[in-house]
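Each value in this text was obtained by applying a stated rule to the coordinates, not by laboratory testing. Computed from a predicted structure; not experimentally measured. Cβ coordinates were reconstructed from backbone atoms using ideal geometry, including for glycine residues, and neighbour counts include every protein chain displayed.
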């Protein structure tokens, strides 16, 4: 377990109910100093609700949350937090620089921070253009700049790549990578699992308001089990029928014209021999490594909970 001094975010039994509906239930979340933590879940799973509780925009029904060692939403806790939650709301007729000047005044941030954060997010050249003329990617970058005005120890970013084209996504990825310096911590929610896999030290997966897994991507892969085998064979449907009868095989299905076998990869020779002995031509056989997307969909697939839902994953 990490030392408590290394925990930037800590929640215990955090719960938010809206009448008969439960948005977040019994959430125990740990985010460590200096890491990029990916917070993942389907739409409506409770990600944004959790983030809003962490910054005091809404109050929990029960449970506790501490941010930077202080109760969530208090002035002392918020002093070291920068946040972009949902869409950026800035004055459309003002330039990016003037928007930041106004926000710096509200946040009691030094005036010279405006120029520094514009440089940090790569917006200095467009700083004097009206916000309404910005592309979506530029608006997202300016919103991140606003979150950086207080030079925060913790950044909370809710879907910062939402709606961006591939170039904008790559730019935001580079920006977030740069934010890790100076031991800065980032809590990041995103639907782009490939980006999370590249950016994040650890991830937490929330489903129907409950945290169902937490750990490194490697930890989650290991917990989900071996990925199995992918086989390119000339008669995949017949191959699936043959291979599916092997005692060691959990399932054999055809996906995009190739045979996907859920089995210990050490059984590759047995699978290959069976197919060849039955007159099938195998042109390719390789181990299938689970992606974060594979693990994610396994964790959040819509099935009724049976007992404790959280997967305890031990990692760094």
Rank the residues 58, 102, 206 as a footprinting-exposure proxy: fewest other Cβ atoms within 10 Å of their Cβ go first. 102, 58, 206
Most fluctuating residue given options 41, 168, 204, as computed from a GNM of the chain linking Cα atoms under 10 Å: 168
In degrees from 0 to 90, rounded to the nearest 10, what is the angle of the helix 96-107 Cα long axis to the longest principal axis of the chain? 70 degrees
List 131, 296 from most exposed to least, where exposure is judged by having the fewest other Cβ atoms within 10 Å. 131, 296
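Could you calculate, for the stretch 227-289, the ratio of the Cα radius of gyration to the Kirkwood radius, expressed as Rg to Rh?
That ratio equals 0.89.
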Hey, could you pull the Cα Rg and Dmax for the stretch 56-120, both in Å? 14.6, 42
Most fluctuating of 241, 128, 201 in the GNM of the chain (C-alpha, under 10 Å) is 241
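State, as an integer percentage, the relative contact order of the stretch 9-167 based on alpha-carbon contacts under 8 Å between residues 6 or more apart. Write down the numbers at each step before the final one.
Numbers: 252 pairs, mean separation 35.0, N = 159.
With pairs under 8 Å counted, the relative contact order is 22 percent.
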If you compute P(r) over Cα pairs in 10 Å bins from 0, in percent for the structure shown, which of (i) 6, 25, 37, 23, 7, 1, 0; (ii) 6, 22, 23, 18, 13, 10, 7, 2, 0; (iii) 6, 23, 27, 20, 13, 8, 3, 0 do you land on? (iii)
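For the chain, what is the mean residue ellipticity at 222 nm derived from helices alone (per DSSP H run of n ≥ 4: -39500 (n - 2.57); sum divided by total residues; nearest 500 deg cm²/dmol)?
The per-residue figure over the chain is -9000 deg cm²/dmol.
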Neighbour-count order for 126, 116, 47, fewest beta carbons within 10 angstrom listed first: 116, 126, 47
By how many degrees, between 0 and 90 and to the nearest 10, does the Cα long axis of helix 166-178 differ from the longest principal axis of the chain? 70 degrees
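Taking 0.36 nm per residue of sequence separation and subtracting the Cα-Cα distance, how much length would be gained by fully extending the chain between residue 28 and residue 256, in nm to one decimal?
Contour length minus Cα-Cα distance gives 78.2 nm.
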Compute the length gained on full extension between residue 79 and residue 101: take 0.36 nm times their separation in residues and subtract their Cα-Cα distance, giving the result in nm to one decimal. 6.1 nm
Using the beta-carbon distance between residue 264 and residue 132 and R0 = 51 Å, what value does 1/(1 + (r/R0)^6) give for FRET efficiency, to the nearest 0.05? 0.35
Percentage relative contact order, the stretch 105-177, counting C-alpha pairs under 8 Å, at least six apart: 33 percent
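For the chain, what's the relative contact order in percent, using C-alpha pairs closer than 8 Å and at least 6 residues apart?
On the way: 607 pairs, mean separation 58.1, N = 316.
18 percent.
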Report, to the nearest 10°, how far helix 136-147 tilts away from the longest principal axis of the Cα atoms in the chain, using its own Cα long axis and a range of 0 to 90°. 60 degrees
Beta bridges by DSSP in the chain, antiparallel share as percent, to the nearest 5: 65 percent
